[in-house]
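The structure appears below as structure tokens.
The values are calculated or read from the model by the stated rules, or taken from the named source; none is laboratory data. What you see is a predicted model, and the numbers here were worked out from it, not measured in a lab. Here Cβ is always computed from backbone atoms with ideal geometry, including for glycine, and neighbour counts include all displayed protein chains.
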Amino acid sequence: MTSFPSEVATYVGRIRQFERVDWSVYVGWVGLMLGLVFSTGGFLLIGHQHGVRYPAEAWMVPIGAAVFALSISVDTIGHRTVYREEISRAEGLVHGITIFCGIGSSVLLAGAYHAPGALWIPAMVLTVLSFFYSIVDEVFHWRRYVGRHADRVEMWSHVGILVGHGIMMMGWWSWFFAGYPGVAETLQAIRG
């Protein structure tokens with residue numbers, strides 16, 4: 001059995017197999033998540049520089065998003081190379097549904113600052129569905145792992161995905177239910 005660090009090096013090294021479309025998908029997906037990290041983290045840092053004090057759960061949003069982004073940056077390499085055929089079947093559909101629900105929940109939850117009554121319920125529904133379909137996806141991954149069509153690196157990257165997504169969304173919902181403390185002050189500081 002090879003060491004885990006050598007498995008990681010092999011897994012990540014497959015990025016050299018990327019074709020143009022793989023790079024487009026990879027940069028788009030990882031870039032989208034890094035955009036979430038930098039936009040939420042940047043917003044909090046701007047507020048912090050202007051003396052805004054946020055609750056700890058607000059900082060969980062960019063921290064969780066960073067863990068998620070790092071994890072998908074590894075996971076996606078295998079999905080675009082060695083596991084491409086396996087992913088292209090039903091598992092790919094599950095990924096699409098999970099991504100749709102995850103992005104939708106984030107957009108609606110951010111919009112719920114201005115329209116909480118209208119947006120928090122659909123945001124919660126999409127959040128729950130994103131976690132539900134993440135678990136459905138894990139069933140696919142475990143079946144592939146048991147059948148030797150997945151490896152430890154992919155499985156551990158999924159742990160990171162679930163941990164990052166969980167930290168981000170639990171922090172975000174906690175911040176929302178507390179009334180988004182610090183947001184109004186930061187928006188005022190941004191406006192000057």
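Structural remarks
- Residue identified as more than 15 Å from residue 164 (Cβ to Cβ), assigned to a helix (DSSP H, G or I) and either of a type in the set (Val, Ile, Thr) or in contact (Cβ under 8 Å) with a residue 12 or more places away in the chain (or both) among 27, 61, 52, 37: 27
- Scan of segment 65-88 for residues that are of a type in the set (Gly, Ala, Ser) and either free of Cβ contacts under 8 Å to residues at least 24 places away in the same chain or in contact with a His (Cβ under 7 Å, 6 or more places away or on another chain) (or both), ordered by number: 88
- Residue 126 vs. criteria within 30 Å of residue 50 (Cα to Cα) and either small (Gly, Ala, Ser) or assigned to a helix (DSSP H, G or I) (or both): no
- Pair list, Cβ under 7 Å, 6 or more apart: segment 89-103 residue under 11 Å from residue 136 (Cα atoms), other residue at pLDDT 95 or above and not polar (S, T, N, Q): 94/133; 94/136; 97/133; 98/133
- Unique residue being crowded, with 19+ Cβ neighbours inside 10 Å and free of Cβ contacts under 8 Å to residues at least 24 places away in the same chain when the list is 45, 108, 119: 108
- Among (1) at pLDDT 95 or above; (2) more than 20 Å from the chain's Cα centre (by Cα); (3) β-branched (Val, Ile, Thr), the one test that residue 127 misses: (2)
- Restricting attention to segment 130-145, the residues being surrounded by fewer than 20 Cβ atoms within 10 Å (Cβ to Cβ), at pLDDT 95 or above and among the aromatic types (Phe, Trp, Tyr) number 2.
- Residues of segment 15-24 that turn out to be under 20 Å from residue 68 (Cα atoms) and in contact (Cβ under 8 Å) with a residue 12 or more places away in the chain, as a count: 2
- Segment 1-24: number of residues that are at pLDDT below 95, outside any helix (DSSP H, G or I) and not small (Gly, Ala, Ser): 2
- Total residues in segment 54-66 satisfying the condition of being buried (at least 20 other Cβ atoms within 10 Å of the Cβ) and either under 26 Å from residue 19 (Cα atoms) or among the small types (Gly, Ala, Ser) (or both): the figure is 4.
- Residue that is modelled with the lowest pLDDT, among those in segment 64-92 that are assigned to a helix (DSSP H, G or I) and charged (D, E, K, R): 86
- Scanning segment 151-181 for residues that are loosely packed, with under 15 Cβ neighbours inside 10 Å and either not in a helix (DSSP H, G or I) or not charged (D, E, K, R) (or both) returns 159, 163, 177, 178, 179, 181.
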